[in-house]
């Protein structure tokens, strides 16, 4: 795993945890400089997505490695962590397991899907081959690019960078990440003293996700935005600026 520290070393500490089949360089490219101007960033690339040739093992093993880094480098306590999509599962586990302390856990419009072993196996058998086939030919690449531009309002450059993740990372790591995320459950009504759970709710995802946020965490701070899933990270400034403002407000709240 890689933990790259950058940004304002005198600012509050903020971990960045990327989503499915992504490294932080791709996932947070649009906001790294602006977040780094204010915060001491710790940007994480998981096993299998860190360029080392390793394979992603499972969500809980990786969670343990993140916890050890926080314990050894920050005496077990950090100001905040942002999880993008699947990265939010790590934020939830860091809060739930109570091996380290976060003042602010920020969930980037996650789906928080959970299932049993057979369902997880079946979903991974169906979904992972689709994810890893996006760029198998010029025709598929062009079709995927068009869909990303239409649905998320990505630029050509952003779409190509995003698709590149499915070329440079191994199908085994993507499968393990997707499968074990479904098996990594969150409790209901999670409450940790002096920790606040904040959710970036993308309204276009649908209300069932909003209901999940409320079920898993007691009194979560939910901010609603008229956008698609994680559109603030790759869909243009009209989405990015309001979410960055909300992140600053989250991090300034008393705990």
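General observations
- On the principal axes of its alpha-carbon atoms, the stretch 11-148 has extents of 49, 38, 29 Å, going from largest to smallest.
- Using just its DSSP H runs of length 4 or more, each adding -39500 (n - 2.57), the chain gives a mean residue ellipticity at 222 nm of -14500 deg cm²/dmol after division by all residues.
- Normalised size of the stretch 165-221, defined as Cα radius of gyration per 2.2 N^0.38 Å with N residues, equals 1.48.
- The stretch 1-151: relative contact order in percent, alpha carbon pairs under 8 Å with at least 6 residues between: 21
- For the stretch 102-219, the square roots a ≥ b ≥ c of the C-alpha gyration tensor eigenvalues yield an a/c of 1.5 or more together with a/b exceeding b/c, which makes the shape prolate.
- Computed over the Cα atoms of the chain, the ratio of the radius of gyration to the Kirkwood radius (Rg/Rh) comes to 0.94.
- Percent RCO, i.e. relative contact order, over the chain, from Cα pairs under 8 Å lying at least 6 residues apart: 21
- Highest-fluctuation residue, 197, 21, 159 considered, GNM on the chain with Cα pairs under 10 Å: 159
- Between 58, 160, 226, the residue with the greatest mean-square fluctuation in the GNM of the chain (Cα pairs under 10 Å linked by springs) is 226.
- Counting beta carbons within 10 Å around each of 15, 234, 3, 169 and listing the fewest first gives the order 3, 169, 234, 15.
- Shown for 69, 213, 46: other C-beta atoms within 10 Å of each C-beta, ranked fewest to most, produce the order 69, 213, 46.
- When the alpha carbon gyration tensor of the stretch 209-255 is reduced to an equivalent ellipsoid, the three semi-axes, largest first, read 21, 16, 6 Å.
- Counted by neighbouring Cβ atoms within 10 Å, the residues 232, 185 run from fewest to most as 185, 232.
- Taking only the Cα atoms of the stretch 100-153, the ratio Rg/Rh comes out at 1.14, with Rh defined as the Kirkwood radius.
Here, each number is a calculation from the coordinates, and none is a lab measurement. Note that this is a predicted model, so its numbers are computed, not measured. Counting neighbours? That spans all protein chains shown, and the Cβs are built from the backbone with ideal geometry, glycine included.
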